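The values are calculated or read from the model by the stated rules, or taken from the named source; none is laboratory data. Keep in mind that this is a model prediction, so the values were computed, not measured. Positions of Cβ are backbone-derived with ideal geometry, glycine not excepted, and every protein chain shown enters the neighbour counts. What goes into the accessible areas is simple: the full protein's heavy atoms, side chains included, and nothing from ligands, DNA or RNA. Shrake-Rupley method; radii C 1.70, N 1.55, O 1.52, S 1.80 Å.
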Amino acid sequence: MPPTALLERDEQLRSLRSRLTQAASGSGAMVLVGGEAGIGKSALVRRFCEDAARTARVLIGGCDAMQTPRPLGPLLDMAPGLGPPLTTLLGDESARQRAFEHLLDAFRARATVAVFEDVHWADDATLDLLRFLGRRLDATRGLVVATYRREELGPRHHPLKAVLGDLASVTSVTRMSVPPLSRDAVAHLAAGIDADPDELHRLTAGNPFFVTEVVAAGGDRLPTSVSDAVGARVGRLPDAARDALQAASVIGLTVEPSLLTALGHSVDAIEACLIGGLFVEHEGRLAFRHQLARDAIHDTLSAPRRRALHAAALATLERAPGAGTDRATLAHHAAEAGDADGVLRHAPTAARKAAALGAHREAHAQFARALPYLDRLPDDEHTELLAAYAYECEVVDRHPEARDAWRSAIERWRAAGERERWADAHTDLARVLFHLGDNASAESASARAIEVLEGLQAGAPLVRAYQYRAALRMLERDPEAAITWGTRTIELATAAGDHRTLAGAHVTVASSLMLAGRPSYAPHFERAIALAEAHGLHVLHANAHLNRGSGAGELHRFDEAEHHLRQAVAIAEQHDLDSQTSYALAWLALTRLYRGDWDEAAALTGRSLVRSSTSTITRIMALAALGRLRVRRGDPEAWPPLDEALELALRTGALQRLAPVRAARAEAAWFDGDLDRVRSEAAACFELAAQARHPWFVGELAYWRSLAGDLDALPAFAAEPFALQVQGRHSDAAAAWATLGCPFEAARALGESLDERHVRDAFDAFTRLGARVAADRARAHLRERGAKRIPRGPRERTKRHPAGLTPREAQVLARLVDGLSNADIAARHRVSPRTVEHQVSAVLSKLGVDSRTAAIAEAHRRGLIDPT
């Protein structure tokens, strides 16, 4: 059998070739190839690339199996094949976006296959690149193939899981699974040895690499693990060759021959490794035949031997020409060698380069490497590194670490008499404390920063402190104070020509004016948008629409809300601003829920919850939407998302999070018939809402309290539709809700009427919406009043499903359990992939999970799928 022959991979090869044909004609795509280690992902892709090279440019890059990998490692590997423009851009840490665009332009210009190997080890910047390409490939001639080990993702959060979730709804992105070999294929591979094919298949579970290592090991006894099989092969090599393998194993999957010779290993020793099949040659480099082989050798090293080999590699690499260009690798060897001075020479520089490229997890890890040795540095360098580490902690959502690091830096600046730096850092500390839900401490830190910086006339730090103070007041729903601080910020930022702070201040003032009910808010939003567009401030551009959309949603102005939320999503997705996208999707889900489009609300909730960037505040709003949707549909398990939402909202202590969650929980309790719980939920933050004079929060909480017999007096500023319901003016309330475009609320108001015609209208509206419990109540109301010809309820076939899935959604869930992709399900059901995307999102939403894998597990847990 030829070395490049593959067994039982014809289907995967056909699929990849078909994708390349489509890409070459201008319909680019991404294929995510998953499977266990050794299953043959790389062999499959290599064979495909051999064929593809006849008609397309082929680029290959791999991710490093290092604790802190090189930022954009695969792109660095591909750069020589794309020419000087890209290599120049990659040398400029501030040009990451232009490098991404250049790669996309290369895909537009020529049919190209770009292979990203082992992306389960990818750095943040590489994951961002995959997101960037996945969303834009469809109009290019590029085919991106990314391989990953499924078992590396594990049951917990893994950064790649987030990327898979973010790209799940992109029709040009598909997944491919590489299955184990059959018993017959294993027998074919083992034809040259005396082994029982059934036993060999059982032992190796059809893993091709394991099978071939067993065959290569020979002998009378079958090795029981990959390590044993590799060890048997290594044991036949001379000592010098084994030493070369050990040295190579600490360097990585591939190694330059010149580095091994510089480390003192002879050409004969390297040749023995090639003849023995442990090394292969690839584009002038030496590579282990598989990462599993490299791991098996590396794992045999004692700790002292490993440290010595890393120290030798570090010393040799530092002497090499251009040694300073790959600080991440140098920092890795220094850390593994236990070389404190080496870590301090390389890790901080590697961290700053990683941060500039957007690889913030790697930046955080590199700074963390240096932390134990900071006392060796001069005081000012020590403190600056602490502050840089604190910032990276914040970026990667490690806020407790960020808080502690900022406090340490603040104390060091105090001791050094650096008053301005001390005060300026309090603004950063305030931001972190707010994210941790410690609002009182955040206010205190912000006030301390302003007090000192005003005395120092500190210029830019003072303007920054004012802006954050304004934002804090707005977030706490104290609009008057926010307007005062924001107006002051606008004056100072205008004078200083600080466009970023100026745009942010306009957003804050606009949001506060809107919440205060003043019509003068719109010009401030428009000014912020103009500044953002003129100066390329993409985050602020998205935030201006996002704040306007979410603010309008909070005030039940859903036409305005939906327009600006969709604008925010479009801008955020265009510029890969995933945090803003997630928050906008959560609010858009709430908007569609109120407007009666519950299927889209379910899909949007699923899209928000599954994303990597789902922050606490985003999760609160998405969970509130999900819980309320389940309550209104009569779906089971409405309380778990509402319980999680309350837990998160309580940490913030913020009215804008607590009020929507408490109101949703009061509604759930009402439908459960638990008046005591309705009272407790509605009363829990009623006073806080009343103090803020928030008409909609007060109105809804007052409404629920009135239904539970717990309202003494209705505040005069309560929103009109709720006030009309509390006053018993049900027809007028229904008309007010209809004007706002809220069909469920309008039907609920009619359902409370004593007029039978109104109750019948309510029943009809509830039935159209799919509000089963509300429809049942309206029917019971009619029955109690002795009405004739009482209408029937929802279809029994939908009612019977324990998770509230429609028959089609139940079929989609079964197909998920079968492992089918969206495209496969669409073909099976003869519908569009976009329809399947909405159906999958609805299934995830109804099951209360945020991924396909979690949906499968939940389906089995709840007995929704036949276990066979």
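Worth pointing out:
- Selection within the range 564-579 - open to solvent by less than 30 Å² (accessible area, probe 1.4 Å) and within 22 Å of residue 125 (Cα to Cα): 569, 571, 572, 577, 578
- Residues of the range 685-707 include at least one that is assigned to a loop (DSSP other than H, G, I, E, B) and within 35 Å of the chain's Cα centre (by Cα).
- Residue 706 being open to solvent by less than 50 Å² (accessible area, probe 1.4 Å) and over 21 Å from residue 477 (Cβ atoms): yes
- Looking across the range 131-140, the residues that are open to solvent by 10 Å² or more (accessible area, probe 1.4 Å) and in contact with a strand residue (DSSP E or B) (Cβ under 9 Å, 6 or more places away or on another chain) come down to 135, 138.
- Residue within the range 34-44 that is at pLDDT below 95, within 23 Å of residue 152 (Cβ to Cβ), of a type in the set (Lys, Arg) and open to solvent by less than 20 Å² (accessible area, probe 1.4 Å) present: yes
- Residues (out of contact with any Phe, Trp or Tyr (no Cβ under 9 Å at 6 or more places or on another chain) and crowded, with 23+ Cβ neighbours inside 10 Å) located in the range 647-664: 649, 657, 661, 664
- Matching residues, the range 223-258, being hydroxyl-bearing (Ser, Thr, Tyr), in a helix (DSSP H, G or I) and open to solvent by 30 Å² or more (accessible area, probe 1.4 Å): 227, 258
- Looking only at the range 189-213, and only at residues there that are modelled with pLDDT of 80 or more and either among the β-branched types (Val, Ile, Thr) or in the same structural domain as residue 34 (by TED's automatic domain parsing) (or both), the one that is farthest from residue 233 (Cα to Cα): 204
- Exactly one residue among 123, 92, 64, 128 is open to solvent by less than 10 Å² (accessible area, probe 1.4 Å) and among the acidic types (Asp, Glu), and that residue is 123.
- Condition check for residue 507: under 18 Å from residue 550 (Cα atoms), assigned by TED's automatic domain parsing to the domain that holds residue 544 and β-branched (Val, Ile, Thr): yes
- Here residue 731 meets the list (1) among the hydroxyl-bearing types (Ser, Thr, Tyr); (2) surrounded by fewer than 19 Cβ atoms within 10 Å (Cβ to Cβ); (3) within 38 Å of the chain's Cα centre (by Cα) almost entirely, failing just condition (3).
- Of the numbered criteria (1) modelled with pLDDT of 90 or more; (2) in contact with a Pro (Cβ under 8 Å, 6 or more places away or on another chain), the one residue 87 fails is (1).
- Each residue in the range 568-611 was checked for being assigned to a loop (DSSP other than H, G, I, E, B) and aromatic (Phe, Trp, Tyr), and 0 of them qualify.
- In the range 189-203, the count of residues that are touching a Pro at 6+ places or on another chain (Cβ under 8 Å) and buried (at least 17 other Cβ atoms within 10 Å of the Cβ) is one or more.
- Of the set (1) farther than 27 Å from residue 640 by Cβ; (2) in a loop (DSSP other than H, G, I, E, B), all apply to residue 710 but (1).
- Within the range 426-437, residues that are touching a residue at least 24 places away in the same chain (Cβ under 8 Å) and under 17 Å from residue 617 (Cα atoms) reach partners that are among the acidic types (Asp, Glu) and surrounded by fewer than 23 Cβ atoms within 10 Å (Cβ to Cβ) with beta carbons closer than 6 Å, at six or more positions or on different chains, in the pairs 432/394.
- Residue among 402, 365 that is assigned by TED's automatic domain parsing to the domain that holds residue 437 and either within 29 Å of residue 99 (Cβ to Cβ) or open to solvent by 20 Å² or more (accessible area, probe 1.4 Å) (or both): 402
- Residue 342 outside any helix (DSSP H, G or I) and either at pLDDT 95 or above or closer than 27 Å to residue 89 by Cα (or both): no
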